[in-house]
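A.B. asks: This is the structure, below, for whatever I ask next.
The values are calculated or read from the model by the stated rules, or taken from the named source; none is laboratory data. Here the structure is a predicted model, which means the values were calculated and not measured. Don't worry about glycine lacking a Cβ; one is built from the backbone with ideal geometry, like all the others, and counts go over all protein chains shown. For accessibility, only protein heavy atoms count, side chains too; no ligands or nucleic acids. Shrake-Rupley method; radii C 1.70, N 1.55, O 1.52, S 1.80 Å.
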Amino acid sequence: MKNSIVWLASYPKSGNTWTRIFLANYFANEDRPLSINAADRFGFADAPAGLYRKIGGPNVDLTSRRATLALRARLLNAIDGNGATVNFVKTHNANTNPFGVELIPPPATRSAVYILRNPLDVALSSARHFGTTHEQAVTDLCRSDYVIGSENFVPQFLGSWSDHVSSWAGETRFPVCILRYEDMLKDPATSFETMLRHAGLPIDKGRIEKAVRFSSFDELANQETTDGFKENTKNSERFFTSGKSGNWRTELAPELVKKVRKQHRKMMKKHGYLE
């Protein structure tokens, strides 16, 4: 293996899609914003069902966790060996080993960027995206056995929010750059420059500023209104909403806030999410 993979890792609804669209605009370097539905041309994800069917054949049972895990090494080998110096790969998986299978193998890995978001806002955004209640979203954040999947994506092993964060933030076998979503909102140019430097890519500040403009939430929301967004789910009216932080203060019930803080106090305190 040539360890070309730079993981773009995050718990779902933490800013991964925005980050990938920024990267796509940075790499494309066009004079107008890239279509949000073309951003996947500039990177990979580790869960699309179609990729696993290409490797395992049309009859592979993609609802089987063991069956998809058995194909994962071949998928990552194909990405790592495609000739590119750097391959950004989106993942929502925790950095763990379900059924003894290493989800994030160091031999294929150059480094990782981990996008971290306040779990109170994650709960709100997850409920909207997956079409569940706030109560269910908070319960899912606290489940050590939490796994997601759908007809379009193979099972992804998340665990609880704290499990997920610690699995990536505590990694020592390869470099990990941690970016807080809230800091990215305040100063996206600096955050994205940090990410590019971490991946060992050339820095062009003019291109960074342009890519930030082209991936602004207003631009993404306008594109979604006009053309739709293929990554949205049938449960959610819109994928790109406000893009803000702190909505939990007015939208999440106090008892749910208390539950999240109690369950994830240690990790929230460590990363600055407890006042």
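A.B. asks: At 1.4 Å probe size, with the rest of the protein present, what percent of the exposed accessible area of segment 35-89 is carbon and sulfur atoms? Working shown, then result.
C.D. replies: Working: 1430 of 2730 Å².
Here it works out to 52 percent.
A.B. asks: Another question, if that's okay. If you wrap a convex hull around the C-alpha atoms of segment 101-227 and split its volume per residue, what is the figure in Å³?
C.D. replies: Working: hull volume 19.5 nm³, N = 127.
So the per-residue hull volume is 154 Å³.
A.B. asks: Calculate, for the chain, the solvent-accessible area per residue in square angstrom, rolling a 1.4 angstrom probe over the heavy atoms of the protein chains.
C.D. replies: Working: 12900 Å² over 275 residues.
Solvent-accessible surface per residue comes out at 47 Å².
A.B. asks: Quick one: net charge of LYS258's neighbours, Cβ under 14 Å, K/R +1, D/E -1? Write out the running numbers ahead of the final one.
C.D. replies: Numbers: positive: ARG249, LYS259, ARG261, LYS262, ARG265; negative: GLU135, GLU255, GLU275.
Residues close to LYS258 contribute a combined charge of +2.
A.B. asks: Let me ask something else about it. Normalise the Cα radius of gyration of segment 38-89 by 2.2 N^0.38 Å (N = residues in it) and let me know the number.
C.D. replies: Working: Rg = 11.6 Å, N = 52, 2.2 N^0.38 = 9.9 Å.
Compactness ratio reported: 1.18.
A.B. asks: List the pairs from LYS186/LYS269; LYS205/LYS269; LYS54/LYS210 whose alpha-carbon separation is above 25 Å, in the order I gave them.
C.D. replies: Details: LYS186/LYS269 20 Å; LYS205/LYS269 33 Å; LYS54/LYS210 36 Å.
Beyond 25 Å: LYS205/LYS269; LYS54/LYS210.
A.B. asks: Note down the relative contact order for the chain as a percent, whole number, built from C-alpha pairs under 8 angstrom at least six residues apart. Spell out each step's value before the answer.
C.D. replies: Values: 411 pairs, mean separation 69.9, N = 275.
Once divided by the residue count of the chain, the mean separation gives 25 percent.
A.B. asks: Cut-off 20 Å, label point 7 angstrom out along Cα-to-Cβ of LYS244: give me the residues of segment 100-122 whose amide nitrogen falls inside.
C.D. replies: 117-122
A.B. asks: Continuing with the same structure: Label-point separation (nm) for ALA73 and ARG265, each offset 7 Å from Cα along Cα-to-Cβ?
C.D. replies: Between ALA73 and ARG265, the label points sit 4.3 nm apart.
A.B. asks: Also, quick follow-up: Taking R0 as 22 Å, what FRET efficiency do you get between SER216 and CYS177 from their Cβ-Cβ distance, rounded to the nearest 0.05? Spell out each step's value before the answer.
C.D. replies: Working: r = 22 Å, r/R0 = 1.02.
E(calc), rounded to 0.05, equals 0.45.
A.B. asks: Sticking with this structure for a sec: Could you pull out every whole DSSP H run in the chain that spans at least 20 Å of Cα extent along its own axis and averages -1.0 or higher on the Kyte-Doolittle scale? Before the final figure, lay out the partial values.
C.D. replies: Values: long enough: 65-80 (22 Å, 0.08); 254-270 (22 Å, -1.66).
Flagged H segments are 65-80.
A.B. asks: How much net charge surrounds LEU76 when only the other residues with a Cβ under 11 Å from the Cβ of LEU76 are counted, with Lys and Arg +1 and Asp and Glu -1?
C.D. replies: Counting the neighbours of LEU76, the net charge comes to -1.
A.B. asks: Here's another thing I want to ask about it. How high is the relative contact order of segment 48-127, given as a whole-number percent (alpha carbon pairs under 8 Å, six or more residues apart)?
C.D. replies: Working: 35 pairs, mean separation 15.3, N = 80.
Contact order relative to length: 19 percent.
A.B. asks: While we're on this one: For segment 1-76, what is the per residue volume of the convex hull drawn over the alpha-carbon atoms, in cubic angstrom? Walk me through the intermediate numbers first.
C.D. replies: On the way: hull volume 9.3 nm³, N = 76.
Roughly 123 Å³ of hull volume per residue.
A.B. asks: Now a separate question. What is the Cα radius of gyration of segment 1-134 over 2.2 N^0.38 Å, N being its residue count? Write out the running numbers ahead of the final one.
C.D. replies: Values: Rg = 15.8 Å, N = 134, 2.2 N^0.38 = 14.1 Å.
The reported ratio for this selection is 1.12.
A.B. asks: Using just the helices of the chain, give the 222 nm mean residue ellipticity in deg cm²/dmol: DSSP H runs with n ≥ 4 each add -39,500 (n - 2.57), and the total is spread over all residues, rounded to 500.
C.D. replies: Values: 12 runs with 125 residues, N = 275.
Counting only the DSSP helices, I get -13500 deg cm²/dmol.
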